[in-house]
Structures are given as structure tokens and as C-alpha cells.
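Asks: Quick one: structure below, then a few questions.
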Amino acid sequence: MTTSIVFLIGPTAAGKSAASLALAERWPLEIIVMDSATIYRHMDIGTAKPSRAEQKLIRHHLLDIVDPAEQYDVASFVEDTIRLINNIQQRGRHVLICGGTLMYYHALTRGLSPLPKADPKLRAQIEAEARTQGWPALHAQLAQIDPTTAERLAPNDSQRIQRALEVYRATQTPLSIWQQRPKIRSFQHDYLSLSLEPARRQELHPRMAERFHQMPEAGLLAEVEALYERGDLHLDLPSIRCVGYRQLWQYLAGEKTFDVAVARAIHATEQLAKRQMTWLRSLSERQRLDCLDPRVVAKVVDRVASVWA
């Protein structure tokens, strides 16, 4: 099967899961999850991971693929997704790529700079330096060797500072120079991008707050406690920096009250949606659908019917 790939994108809490279920009721499909949080094992509630029932109903890919102590980069997502697309199409099923990590979407559809692969030894070395010196010190170090990259990064943006230093130490070439080189685009499929988004981002805020308030009742705090008690995880890891996990981690560490942690998590969710909307506005190919329209799911099905027989 070589029909178009369908992307279902949009900010958090826009209703992408409900729309994907409706598509699965009409077409034989498999879902590639485009989410930088649901990749982690043991992180189910706070990431709004598809339920076991949903996963049993529809085959989902790229869920639970790494431990929270591990890292997963954009290049790995692109490589894994291209492999999965081929496998799914060979099984005679449609491919639905669903999620809100627009950095993954951009890399897949626009291509990637030819950066060197991650070096676990270098990463461990940089993390050790950060524990003794602090990320602002490493940011200052980056400013000496790659001022262009350092200028656009916050002093505590540990993940990106780490990657920039890693690239330089591995190649003696600044990340900003690598990023100027022609991009490599391995994704060669026709695609339809449907974006579920509100006319005004603030209209989603009540839905975001309601969803997060339900998470502690569903066991989110116990989920974070289990991660906290492992002893090998910390706030500099991308997994623990996920919205909700970071704030409750700080509560467990005694840095914030529970109510403050919840309020901060809701605010962080709103800020995440703001960043997602910024990404979305840059995508001229997206077809916008009002996620608050009562008929939005039916409209998604109608649009997909134009590319899937």
C-alpha cells in the first residue's frame, strides 16, 4: 500500500486521540505516535499515553521504547518512523502519524542537518561536569566555542547545551556550522497534515486544567514517586523534565507544596501549548480544523477520505 501518510497534529488536549480512534473505525491503520514523552516506559498517566484498551484496539508504535534514564533524539525518531512506515505499508495498512511534538514533524518532513550520532561516553562526561559546575557554567563554555548556538539557548537548557558541546567535542566543529549544511530528507511520501487547533489558544486552557486535575486522582503522584525512588533519575533528564513530572518531582523533593506543584504543572502545560501553536503557524501545508467544533471528528474523517480509499 502506497497511499498518502496522514498526520494528525495539534496542541496538547486538542482531541487527537478521539479523532484517531474514529479513523481506526473506518480504515485499517496503525499509529506512529509522534510524542517525545510517551516514548518512556513507566510514564503513562502524566503523558496521557493511550490506554491499554486503545492499544489493544489499534496497533501503536514508538510507545514505551526507552527507559526514563535513557535519551532519544530526533534523528532516531526519523529513522524509526521511516522504517515503521515501510513495514506498515507492507502489511497493507494505512499509516497515521499522531502527536504534538512538532520538532519531530519538522525534522521528518523538512529533513535533518547531517549531525554526528550521539556519543554516550561524551554525554556522560558532560553530565558529570554539569553536576559539579552547573549548566550555566557549561553554557558559558559553549559561548566561547559556539556563540551563535549559545545565544539562542537559555543557561539552564541542559539538553540542548549538552548536545551542542557533544557535537563540538566529537568533531571540533560548532553545532551552528553543522546546521548550515544541506539537510538530508529521507521521508519521500505524499502526506496530508490535519491540525486540530483552537481559534484562540486560551480556549483550550480549561480543558488542559481539567485533564491535569484528573491525573493525580488516576495515580500520577504514585507514578512519579516510583520514578523518584529509583535513585538513578534526576531533573536534568528529558524524561523528568516532562510537564507534570518535573513539578511533582519538586514537590516530592520538598521544594514546593502539592498545590503549587499542580498550579505550576498546569501553567507549564499552557506554555507547552503556546510553543506548539508557534510551530503550527509555521507549517503552511497544514489544514486547520477547529478542535472545539462539535463536528471536528466527522470533519477529520471527511478530510482523510479524500486521500484514503
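Asks: State all residues of segment 93-111 that are of a type in the set (A, V, I, L, M) and crowded, with 20+ Cβ neighbours inside 10 Å; if no residue qualifies, say none. Before you say what the answer is, go through the steps one by one.
Replies: Restricting attention to segment 93-111, the residues satisfying the condition of being of a type in the set (A, V, I, L, M) are 95-97, 102-103, 107-108.
Within segment 93-111, Val95, Leu96, Ile97, Leu102, Ala107, Leu108 meet the criteria.
Asks: Sticking with this one: Given the residues Ala22, Ala75, Ala48, which is the only one that is closer than 26 Å to Glu225 by Cα and in the same structural domain as Ala107 (by TED's automatic domain parsing)? Working first, answer last.
Replies: Working: Ala22 fails: closer than 26 Å to Glu225 by Cα; Ala75 fails: closer than 26 Å to Glu225 by Cα.
Sole residue among the options that is closer than 26 Å to Glu225 by Cα and in the same structural domain as Ala107 (by TED's automatic domain parsing): Ala48.
Asks: Another question about this same structure. Across segment 174-187, what is the total count of residues that are surrounded by fewer than 21 Cβ atoms within 10 Å (Cβ to Cβ) and within 17 Å of Ala75 (Cβ to Cβ)? I'd like the intermediate steps shown before the answer.
Replies: Start the filter on segment 174-187 by keeping residues that are surrounded by fewer than 21 Cβ atoms within 10 Å (Cβ to Cβ), which leaves 174, 176-187.
Still in the running and within 17 Å of Ala75 (Cβ to Cβ): 178-179, 181-187.
The total comes to 9.
Asks: State which residue pairs qualify: first residue under 13 Å from Ala75 (Cβ atoms) and inside segment 97-123, second residue in a strand (DSSP E or B) in any location, beta carbons under 7 Å apart, and separation of 6 or more residues or different chains.
Replies: Matching pairs, first to second residue: Gly111/Ile184; Leu112/Ile184; Pro114/Ile184.
Asks: Would you check if there is a residue in segment 157-174 being in contact with a strand residue (DSSP E or B) (Cβ under 8 Å, 6 or more places away or on another chain) and not aromatic (Phe, Trp, Tyr)?
Replies: Step one: list which residues in segment 157-174 are in contact with a strand residue (DSSP E or B) (Cβ under 8 Å, 6 or more places away or on another chain), which gives none.
No.
Asks: Suppose we keep only residues that are surrounded by fewer than 18 Cβ atoms within 10 Å (Cβ to Cβ) and of a type in the set (Gly, Ala, Ser) within segment 222-267. Which one would you say is nearest to Arg211 (Cα to Cα)?
Replies: Of everything passing the filter in segment 222-267, Ala263 is nearest to Arg211 (Cα to Cα).
The values are calculated or read from the model by the stated rules, or taken from the named source; none is laboratory data. Given the structure is predicted, the values throughout are model-derived calculations rather than measurements. No Cβ is skipped: glycine too gets one built from the backbone with ideal geometry, and neighbour counts run over all protein chains shown.
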